[in-house]
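> To start, I am sharing the structure in question, which I have written as structure tokens.
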Amino acid sequence: MGRKGYMGKILRVDLSKGKVRAEDFPDELARKFVGANGLAIYTLYRELKPGIDPLGDQNKIFFGAGPLVGTILPFTARTYVASKSPLTGLFADATAGGHWSAELKYAGYDAVIVEGVSEKPVYLWIKDGKAEIRDAKHLWGKTTYEAQEMICKELGERRAQSVCIGPAGENKVRFAGVFAGVHAAARCGLGAVMGSKKLKAITVKGSLDVEVADIKGLQKWLEEVPYSKFRGSGLDKGYSSRGTVMLPELFEKFGLWGTENWSRETYDESGENLFHSTWLKGQIRRNSCFSCIATCPGVYRVPDGPYQGTVTEGPEYETVYAFGSMCLVPDMRAVVKLDRLCDEYGLDSISTGVTLAFAMECVKKGLITKDQLGGIDLRLGNVEAMIQMIEKIVKREGIGNLLAEGTRIAAQKIGKGAEYFAINTKGLEHPGHSSRGTKGMGLGFAVGTRGAHHHDGRDFEYAPNPLLDYNGDRERAKGKGTMQGIITRWTAAADCMGYCHFAEKLYGIRLQDVHVQMLNLVMGFDFTLDELVRVGERVYTLERLFQVREGISRKDDTLPERFFEEAIPEGPHKGAVVTKEELDLMLDEFYESHRWDKNGIPTPERIKELGLEG
Amino acid sequence: MEKNYVLSKPELCTGCKVCELACSMVHDGVFNPEKARLTIYASSLEAMEKARICVHCEKPPCQGACPVDAISKDPKTGWVLVDVQTCTGCGDCVKACPFEAMHLHPGTERAINCDLCGGDPQCVAYCRPGALLFRDKGASAFGGKSNG
């Protein structure tokens, strides 16, 4: 095989038949789709019939590592997971940091595709090309922490890496995540897909080489580009010592911090309790993902109070938002407790927090009654009630069974106008970035493949950015569709290569020569910038075609009613609202930038141009 | 005789394994942590362990255990070196080393330990957090001079 950076093999696992087999990953496919995200949508678009149940035996789940993964390049450790989502009912993917993806490659594979359903709980063990389906009866019901440790112990492999689910995934909670170590590919409920297949974990270990096309060139490039760009950068000085937990302070000051189920975007009364300065009081050490020079993840131990001694990696910004500002919990120590709980049970902390905030507002408005709550006093700020409710969700007990469906389905079932308080787009709960104050982000949520996700479009509107032809006007709609068009090409291409989106702070958020250089040094193809941009367009458009096949069009590319009806009530962005006209303008721009039609459907010409016909 | 070895400071280690990648890159021209001459372990979320790397013992147990005299201690530098031509890959040295610093290369199946890259250990050069220090010389790629 000519190309480098790949293992050249895909492992196909049929859990219904209990069979595993290796397939080739041919050059022409690598050239057209690169890997990870590209390979996933190529496979799932061809192999999943429209309308299938995401939690049924017809669904498949894809785990992958891009060509850059396993090399010394920093910001390349993403573990990529994709499937048809039980939360959105559409194609969805999620990525995690950590060490799993690199180890998958050393074990001999670029990807694992799991299909069918096992009769009993199992896990998959892959080492140096060999794969084995093993009994997981003793692991079923265990937390993600316990299960991963037990697997390493029973295999006698201290350095093996796992992706696994917790009890939430086993019980098919629609927002259960996939956990790689303590890193979560959290969003869109892919953990529930694993649970529906009775697949507890995929554990990998290997001693095979990851080769690159030009190792001397790469070594030189490493020093000249990423390492030298990194020194003194925001990633070096900011993220590496503070992580994303530095962001609550920033967003609070901007007045763009989703608070109390997005009824406002300021949380003045929390003081500094959710800021980095408070978090520092419990910092133990800093961590890195595989091969990375940044140390974004920090490890925290609760120093005092009722949750004293609880340890977690993080919390990340989104978790501080979901439990802190959304549920009015002005206490970092409590947020850490909730974060750890989500990690152990295997829940997406964003959807969990937003679902709790939704339920709290429903309780307040009388849409959920006391009787339904089974004695839990679910009101804003009541941490103990939140813990109890999370346990009910994980076990699907009482009203937990309803909330385990996510805000969209839960609101439909509650009725009586509860949908208004369900802050989701296409079924996915919103992360902590403003739709009203940063209009481009709002558009990103409205059109995102995954629904309200901050990694399709990105929130890049805090300062002017020449790469995006952006002047710094956050509330302006015009130009934001084109801007997110540029960004989505980049996010899709990045997810194909396997690199972390934080590298945007190093290489820029628009595909440029630097991305091509990196890929060519590893792969040995003579990719051009145009060709790489085309990969991003091809992958993003094929994702759209999957969604279109499931019935998605312009009518679905919208936002929660609250963002149209209620303006931000206070703070620097007081008065900001999204109007339908603004959304229409941005949608037109965005579709035009991807050359989809006015209804958001890729045109036959565009499909042909991207080589996606047939 | 000068002490000459890579010192591990687990309290500074972030677990990125760039050291292992740099090691296999410069020795083997590939990326493969199993071919690296040092190994990093996390003991838990809260702490890393000391890197498993040769400390070039005064009286190396590996040398004593080797049945074919493939391991020598350089009288000038004090470095413990494996002669791969002589090594048979029996693994006796691996068992003898109390620091888990000797292991068999998965490609050649011969014993490998830290050879200090001939005097400029690249694991140290690439370690951004400064968790690996060369006792005598060598600058970190991130500007920090190692302590002496």
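What follows is calculated from the coordinates using simple rules that are stated; it is not laboratory data. Just so we're clear, the structure is a prediction, and the values are computed from it rather than from any experiment. Cβ sites come from the backbone with ideal geometry, for glycine too, and all protein chains shown count toward neighbours.
> Fewest to most neighbouring Cβ within 10 Å: what's the order for A:K365, A:K555, A:K84?
Fewest-to-most ranking of A:K365, A:K555, A:K84: A:K555, A:K365, A:K84.
> Pop the C-beta distance of A:K608 and B:T108 into the FRET formula with R0 = 30 Å and round what comes out to the nearest 0.05.
Computed FRET efficiency for A:K608 and B:T108 comes out at 0.05.
> Then there's this: At a Cα cut-off below 14 Å, give the aspartates and glutamates reachable from A:K370, other chains included and same-chain residues fewer than 8 away excluded.
Output for A:K370: A:E361.
> May I ask you to order A:264-276, A:565-577 by the average number of other C-beta atoms within 10 Å around their residues, highest value first?
A:264-276, A:565-577
> Right, here's the next one. Could the peptides A:301-307, A:15-21 be put in order, highest first, of the mean number of other beta-carbon atoms found within 10 Å of their residues?
Going from most to least packed, we get A:301-307, A:15-21.
> For chain A, what is the percent of antiparallel DSSP beta bridges, rounded to the nearest 5?
DSSP beta bridges in chain A are roughly 80 percent antiparallel.
> Farthest toward the dipole's positive end in region A:245-422, which of A:V394, A:M326, A:A418, given Cβ charges of +1 (Lys, Arg) and -1 (Asp, Glu) about the Cα centre?
A:V394
> Straight-line reach from A:K9: which lysines have a Cα under 19 Å away, not including same-chain ones fewer than 8 places off?
Answer for A:K9, where 19 Å is the Cα cut-off: A:K19, A:K32, A:K60, A:K105, A:K127, A:K130, A:K205, listed by chain and number.
> Let me ask something additional. Taking θ as phi - 60°, what are the ³J(HN,Hα) couplings along region A:21-36 by the Karplus curve (6.51, -1.76, 1.60), each to the nearest whole Hz, with x for Gly and Pro?
Computed from phi, the couplings for region A:21-36 are 8, 8, 10, 6, 10, x, 4, 5, 6, 5, 5, 7, 10, 6, x, 6 Hz.
> If you count, for each residue, the other Cβ atoms within 10 Å and average over each peptide, how do A:374-382, A:315-323, A:247-255 line up from highest to lowest?
Sorting A:374-382, A:315-323, A:247-255 by mean packing, highest first, produces A:315-323, A:247-255, A:374-382.
> Can you return the lysines within cross-link range of A:K216? Criterion is Cα-Cα under 17 Å, with same-chain partners fewer than 8 residues away left out.
List returned: A:K4.
> Also, I was wondering about something else. Computed FRET efficiency, Cβ-Cβ of A:E223 and A:E397, R0 56 Å: what is it to the nearest 0.05?
0.50
> About its Cα centre, what dipole magnitude does chain A give when the only charges are +1 on Lys and Arg Cβ and -1 on Asp and Glu Cβ, stated in debye to the nearest 20?
That gives chain A a dipole magnitude of about 1120 debye.
> With a point put 7 Å past each Cα toward its Cβ, work out how far B:F99 is from A:E272 in nm, to one decimal.
So the two model labels end up 4.4 nm from each other.
> Let me ask something else. When only Cα pairs under 8 Å and 6 or more residues apart are kept, what is the percent relative contact order across chain A?
Relative contact order comes out at 15 percent.
> Using amide H atoms built 1.01 Å from N in the peptide plane, name the residues 5+ places from A:C500, or on other chains, whose amide H lies under 5 Å from its own.
The list, which skips near neighbours in sequence, is A:T76, A:A77, A:R78.
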